[in-house]
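Structure, as structure tokens:
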Amino acid sequence: MTISANYLIRFTLQSDAAFGRGDGIAGLVNQEVQHDEYGCPFLGGKAIKGILVNECADILAALPAPKHATWQGVALALFGQPGSDQRSRATVSIGDAMLPQPLRQAIGADIDSSSPTLTLASVLNSLTTLRHQTAINQQTGAASDATLRTIRVVLRQTTFEAPVWVNELRLLPEAEGQTEATNGAKPTTEQLLMLLAACLMAFRRVGTYRNRGLGRLEQVQLCNQAGEPISEAYFKRFCEEVRQ
Amino acid sequence: MTELTNGTITIPPQVKAITFRITLEQPVLIGKLGAGEENSEQSFNYIPGSVIRGMLIGAYEKQQGALQLAPESKAWPLFFDEQQIAFLNAYPVTNDDQRPLPCPRSWLMEKDQGDEELAIVHDMASPNARWPDNPKAPKRPFVFIQKADTETGGDDDPLAVFYQPRLSINVHNASTERFIKREQDSTVFRYDALALGQHFAGVILLHQAGQVEQATTLYKLLLSGGFHIGRSQSAGYGRIQVDQVKLLEQWQEYEPMSIDAQTVVLTLLSDTLLRDPEGRWSTDINTFLRPLGLPSPSATYLAGEIASGFNRKWGLPLPQTPALAAGSVFIFHKLAATERTALLDQLRPFTLNGIGERRCEGFGRIGVNAHGLSQLSYRLPSRTRRNDNDENRKIELAGPSATLAQQMVNRLYRELLERKLLDAIEHPTMKIEPALENNQLSQLRMVVRQSLSEANPLVVTNFLKNLRSPARKQYQKAKIVGMSLFEWLMAGWQEQQIWRTHFNIDKAQRPHIANVTATPTAELRYEYTVRLVDALCRKMVRLNQQQAEQKQAEKKGVQP
């Protein structure tokens, strides 16, 4: 299935990563990675958006007062705000970060064929490995009882792509008689992309245990529909804007 | 016939229905009541008509460049006038792109037959139906009735092909404080969403003749690009695509069946909202039948639901109202011929327009004699498998996909080689007889491992060539797989005989993904050759030890 998207977030794992899904397999893995029906690991869009929102908050906190208000409005339009009505919705939709589409298609085509050579288990095993860890008893220096844990990690150098859609309807002006948002005019698509590029520059780690060595990223890029990286250019413009 | 200005399609002047297929590019979460926990959500197992209407309104507003559809606008009746239009629920599509219907609640099976192919489904709507000994309703929610498959020698019962949408269950964790995940500050919740990759069949009905302009508008909106529907649209949920849009002058929601001549079966094909004469919500079908002078049903198989919804314009939930659930069945038995004809004639208009409230959103669909035979044959949808010649099999991977695929097949290839190594070592013929001494075996192990770490095969061949005469004689005397150990090792190193005998795999059998195949490199071949010899030596050391222990035990047994 081909997914259409306005943009792509592409990144490669520099260290192994654990995209936990909250459960495991009894007797084998305490924490399994998220994977689809063909065994291809993926990282949920909600996780990516959560990390980008956190980075955005840090970026905004570093901006001086007049810039902060402007870009706060852009951030609210970009990521949305709490509430369930139309006005609070995000302009950008971030999909799950998955393996490159042609690869997933090829794997799916093989598994669904009448003579498959791949299975879910073989696909998963070829992209991941198991890591074991245990707690050490501080007094004895030996492993503590009942603390052996096994987590599945996605191997380093795996590339993921997350589709990004921009819903420009939410940037349209209000109809006559409706009041504008208190923070001024609606942001433009360019501003949204500039801020998104800045957040992606800060997007360095992902997944479980990301503060303990797992999930380090490299080559994080925002790409256009043709697959060309555009984040550097937009980030440069963002820097120029905030330095003015 | 009216043509669009770009000349690409022709709109039939009496277009009655627009059918289309929805494909889920992401999981879709359209929350319904009763998820249990306040943050978790469980999705409907279909796409409600109100959601389809909402997505088209959004597309219309985007097209018009305005954020609001005004009541006085020309398009308002297109989306909200029940006399003109109805957006039906999109149900999971069948293998041949048909739209199935909710399973009638008068259908029962034997409890222990569960999901068994060829099991009998008994329809209690028929006066001739047999009540099962241990009755249980079919567990799959949607069904498509097909004629009997007599060509393949099947029996005469029509086939009931059952469908069940797949759900994907995802657990998420939200924190009130940034970067903090702990009991007091985090909430774990789960979304049971419709899994991606599925297809749903949607229909928009145009009730009035000559609605060419409306049909054109809707046609263009459906093909205007992808949509986002449901909850959590900004993060991993809700993306859909619409295709196979067709404009039809003739369309029917079901094919009426010829059933018992004294019976009429009225089935709800979607949830239905009725009001009694005092305006109160009611789940009594007589509130619909009585004002028309129609008789009460003689038997009913029904269930209730709570219909709700959410209005994004105002950010408020809709009132929760009691409804008759889809699949409820009302049976009129023992009707005289004239009574039956009159009943059918009076119900017929409602099969097009629906009954009750919110018909524009797909509520209130009914079927008359959509089923009613005493039994059907249970079937599951056949899983479509692609041919080897299918276009998708000709995928050519390049760039990052090819790099990743190569890493994957290489790892799978290593797994295969590991298994072959184990098989080779455990084979009974894989031993050296007469065995070398342990010190000689250990020496051989050290040499081969040194050659691997230095990536230099000459270390081994030079070692063999420079063996002193007593050692050389022992190497030549010791046999393995019918050869002397000396010859076996020399052939293994100089002619790659060990690799060819124990590890070679045809290219067709090697792991591959599309055009990317695992290929043995010189390093890989050498590594496994060395590991085989190393493992062999270790095995022989163990066997020597076992033999020594056995001899000692025997000596002790012999001594008085």
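The values are calculated or read from the model by the stated rules, or taken from the named source; none is laboratory data. This structure is a prediction, so every number in the text was calculated from the model and none was measured. Neighbour counts are summed over all protein chains in view; Cβ atoms, including those assigned to glycine, are modelled from backbone coordinates with ideal geometry.
Structural remarks
- In the stretch B:189-199 there is no residue matching the filter, namely being free of Cβ contacts under 8 Å to residues at least 60 places away in the same chain, surrounded by fewer than 17 Cβ atoms within 10 Å (Cβ to Cβ) and farther than 20 Å from B:R312 by Cβ.
- All positions within the stretch A:110-163 that are among the small types (G, A, S) and within 14 Å of chain B (Cβ to nearest Cβ): A:S113, A:S114, A:S115, A:A121, A:S122, A:S126, A:A162
- The stretch A:88-128, residues that are part of a loop (DSSP other than H, G, I, E, B) and farther than 20 Å from B:G197 by Cα: A:R89, A:A90, A:T91, A:S115, A:T117
- Of the strands (runs of 3 or more DSSP E) contained entirely in the stretch B:163-274, those carrying at least 3 residues that are over 28 Å from B:I11 (Cβ atoms) fall at B:167-175, B:186-194, B:264-268.
- Of all the listed residues (A:E190, A:E218, A:E176, A:E180), the sole one being within 14 Å of the chain's Cα centre (by Cα), of a type in the set (D, E, K, R) and either modelled with pLDDT under 95 or assigned to a helix (DSSP H, G or I) (or both) is A:E218.
- If you go through the stretch A:203-228 and keep only what is surrounded by fewer than 16 Cβ atoms within 10 Å (Cβ to Cβ) and either in contact (Cβ under 8 Å) with a residue 24 or more places away in the chain or closer than 21 Å to A:W165 by Cβ (or both), you end up with A:G213, A:E218, A:Q219, A:N224, A:Q225, A:A226, A:G227, A:E228.
- Residues of the stretch B:420-450 that are farther than 15 Å from B:T501 by Cα and among the small types (G, A, S): B:A435, B:S442.
- Count of residues meeting criterion [assigned to a helix (DSSP H, G or I) and of a type in the set (G, A, S)] in the stretch A:35-53: 3
- Only a single criterion out of (1) away from chain A (no Cβ under 14 Å); (2) surrounded by fewer than 24 Cβ atoms within 10 Å (Cβ to Cβ) is not satisfied by B:D271, namely (2).
- Of everything in the stretch A:32-84 that is of a type in the set (S, T, Y) and either crowded, with 20+ Cβ neighbours inside 10 Å or more than 9 Å from chain B (Cβ to nearest Cβ) (or both), the residue that is nearest to A:L127 (Cα to Cα) is A:Y38.
- Hits in the stretch B:221-255 (condition: more than 14 Å from chain A (Cβ to nearest Cβ) and either in contact with a strand residue (DSSP E or B) (Cβ under 7 Å, 6 or more places away or on another chain) or free of Cβ contacts under 8 Å to residues at least 60 places away in the same chain (or both)): B:L222, B:Q244, B:V245, B:K246, B:L247, B:L248, B:W251, B:Q252, B:E253, B:Y254
- Residue in the stretch B:14-28 that is over 22 Å from the mean Cα position of the chain (by Cα), over 24 Å from B:D271 (Cβ atoms) and modelled with pLDDT under 85 present: yes
- Which listed residue, of B:H512, B:H502, is out of contact with any Phe, Trp or Tyr (no Cβ under 6 Å at 6 or more places or on another chain) and within 14 Å of another protein chain (Cβ to nearest Cβ): B:H512
- Hey, A:A97 at the interface with chain B (Cβ under 10 Å from one of its Cβ atoms), at pLDDT 95 or above and out of contact with any Ser or Thr (no Cβ under 8 Å at 6 or more places or on another chain) or not: yes
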